[in-house]
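One structure is given here, and the rest of the page talks about it.
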Amino acid sequence: MKSIILSLSLLLPAAAQVPAADPAAGFCGRMAAQFAMKPAKQPSGKPAFEARALKGLGVALFGGSTMVGMQLRPPESGDIGNPARFADACQMTAGRLACAVSGPAVFEMTVGDHIARTVAEPGDMAEVSMAKNRIRCEAR
């Protein structure tokens with residue numbers, strides 16, 4: 001019995017650190033849950049979330065830079081539609097990396113050592129971007 005209580009006490013704090021995904025927030029809500037992103041305002045009123053790639057001491061020590069990678073991949077099964085959309089999904093312009101996400105697909109984002117894959121369901125449309133130290137996901 002003591003081992004069950006100890007196990008639960010170790011699991012609860014870990015579960016509390018990951019915010020629950022709001023199903024109404026779609027793709028961005030699922031991505032936000034993986035990266036502990038916070039809700040952000042968007043003029044259209046659609047869901048948007050933001051996070052900083054480096055925080056506090058990391059910015060002071062590393063000058064506000066970190067490795068970020070983004071890629072849109074075909075889903076593991078089912079119809080992929082036009083395969084060219086995966087090659088052209090992410091573009092770098094004026095110091096801003098942006099990916100147009102449309103499901104069905106798998107969006108992969110790497111920030112430092114953290115790799116997260118978020119499934120874009122059929123009908124999901126979003127833009128994920130990185131500019132300076134800010135990662136943003138906006139529903140489209």
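The table that follows gives values for the structure above.
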{"quantity": "Members of region 125-140 found to be crowded, with 17+ Cβ neighbours inside 10 Å and touching a Ser or Thr at 6+ places or on another chain (Cβ under 7 Å), listed by number", "calculated": "Arg136"}
{"quantity": "Every residue from region 111-124 that is outside any strand (DSSP E or B), modelled with pLDDT of 90 or more and either among the charged types (D, E, K, R) or buried (at least 18 other Cβ atoms within 10 Å of the Cβ) (or both)", "calculated": "Glu121, Asp124"}
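The values are calculated or read from the model by the stated rules, or taken from the named source; none is laboratory data. Because the structure is a prediction, the values reported are computed rather than measured. Note that we place each Cβ from the backbone using ideal geometry, even for glycine, and neighbour counts take in every protein chain shown.
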